[in-house]
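Beneath this line is the structure, given in C-alpha cells, with notes to follow.
The values are calculated or read from the model by the stated rules, or taken from the named source; none is laboratory data. All figures in this text were calculated on a predicted structure; none of them were measured in a lab. A quick note on method: Cβ atoms are made from the backbone with ideal geometry, for glycine too, and the neighbour counts reach across all protein chains shown. Remember, those area values only see protein heavy atoms, side chains included, never the ligands or the DNA or RNA. Shrake-Rupley method; radii C 1.70, N 1.55, O 1.52, S 1.80 Å.
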Amino acid sequence: MKSLYLETVDSTNKWAKEHISALEDTTIVYTFNQTAGRGRLNRTWNNTGADNIYASLVLKPSGKMKEVYSNLTQYLCVVIAEIMEEYNVSPRIKWPNDIKINGKKVSGILAEGVINNNCLEGLVLGFGVNLNTKKEILDKIDQPATSLNLEAGMEIDKEYFLNRVYDRFCLVYDKFIEEGFPLIKEDYIKRAEFLNKHISVKVFDKTIEGFATGLTENGALKIVDKQNREQILLIGDIL
Ligand code: BTN
C-alpha cells in the first residue's frame, strides 16, 4: 500500500489536496484522529474515535477530465461494501455512495478534484468508515448511524480493513477507468437500497419526489416523478 499516515489532521481530504503535487497516483493518506472532517453537501464528518478509518485516496489519472471520474466514488463504494461483506454483514448502498447496514449509515465518501491551469491535477476520494465506534458516540450523530463491529459482532482490525479496501480498489482501478460504470453496474445494483421505491431526492434547493426505476449506464439515478416524467439525476441526496 502506498500510504501516508498522519497522527492528527483536520481533514485528510484537505491535507491531500494541499499536498497533491507531491503525492503519487494511488497514495492513501490516512489518520485515526481527524479533527474537522468534511462530508458531502457542506456537512461535517464526525470524529468517532481512534478505532475508525479516516482516509483519502489520491488518484492522478490523465489530466483531461473524463466522465468516468465522477463514477469513481461509486466504484469505491462497491469496494468498501464488498470488504464489509467479508464480515458476514449485508451493506446496502444509498445513491450515490453512502453505505448503510440495517438502515443505518456506516460509511460515506467525499470526492474532490484539484484543477490547475484548466488541467486536472488529481482527485481525492475521501472515505470514513465506522469500524469500531462506541454506541454512545453513534447516538450523538444527527442521523441513524452504526458501526461494523456492532453489526458483525466482532472487533475490526482497522489496518487490515484499510489494506483490503486499498488492494481491492487498485486491482480493478485501471479497468474501471477504461470501462466506467457498466463494469460495476450489476454489483452496485444488487446492493442498492433505493431502487423500485418511492423516494425524495434533494437536488440543490429543490426536492424531487418519485419512483426510482434504475440507473443509467453512467450511474445517474432514473426517477419517474408525480407527473410521470422520467428525470435523470446526476447529483443529489436521497432524503
Ligand atoms: C459523507 O458521507 O458526507 C462523506 C463523508 C466523507 C468523510 C471522509 S473522512 C476522510 C475524508 N476527509 C474528510 O474530511 N472527509 C472524508
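When P182 is tested against (1) within 16 Å of the ligand (Cβ to nearest atom); (2) open to solvent by 20 Å² or more (accessible area, probe 1.4 Å); (3) not in a strand (DSSP E or B), only condition (1) is not met. Of all the residues in the stretch 1-28, those that are hydrophobic (A, V, I, L, M, F, W, C) and near the ligand (Cβ under 9 Å from one of its atoms) number 3. The set of residues in the stretch 198-239 that are surrounded by 12 or more Cβ atoms within 10 Å (Cβ to Cβ) and not in a strand (DSSP E or B) comprises T216, N218, G219, A220, L234, I235, G236. Can you confirm whether D142 is among the charged types (D, E, K, R) and part of a helix (DSSP H, G or I)? It is false that D142 is among the charged types (D, E, K, R) and part of a helix (DSSP H, G or I). The C-beta contact set for the stretch 45-62 (first residue under 16 Å from F127 (Cβ atoms), second residue surrounded by fewer than 17 Cβ atoms within 10 Å (Cβ to Cβ) and β-branched (V, I, T), distance under 6 angstrom, 6+ apart or interchain) comprises N46/I141; T48/I137.
Yes or no: L195 touching a Gly at 6+ places or on another chain (Cβ under 7 Å), aliphatic (A, V, I, L, M) and assigned to a loop (DSSP other than H, G, I, E, B)? Talk me through it step by step, then tell me what you get.
On the way: touching a Gly at 6+ places or on another chain (Cβ under 7 Å): yes; aliphatic (A, V, I, L, M): yes; assigned to a loop (DSSP other than H, G, I, E, B): yes.
When the stated conditions are applied, L195 passes them.
Note on the stretch 119-135: among residues that are in a strand (DSSP E or B) and among the β-branched types (V, I, T), the one that is farthest from the chain's Cα centre (by Cα) is V124. A single member of E151, E121, E136 is within 26 Å of L239 (Cα to Cα), open to solvent by 20 Å² or more (accessible area, probe 1.4 Å) and in contact (Cβ under 8 Å) with a residue 40 or more places away in the chain, and it is E151.
Hey, can you tell me all the residues within the stretch 215-239 that are among the basic types (K, R) and closer than 12 Å to K202 by Cα?
Going residue by residue through the stretch 215-239, those that are among the basic types (K, R) are 222, 226, 229.
Matches in the stretch 215-239: none.
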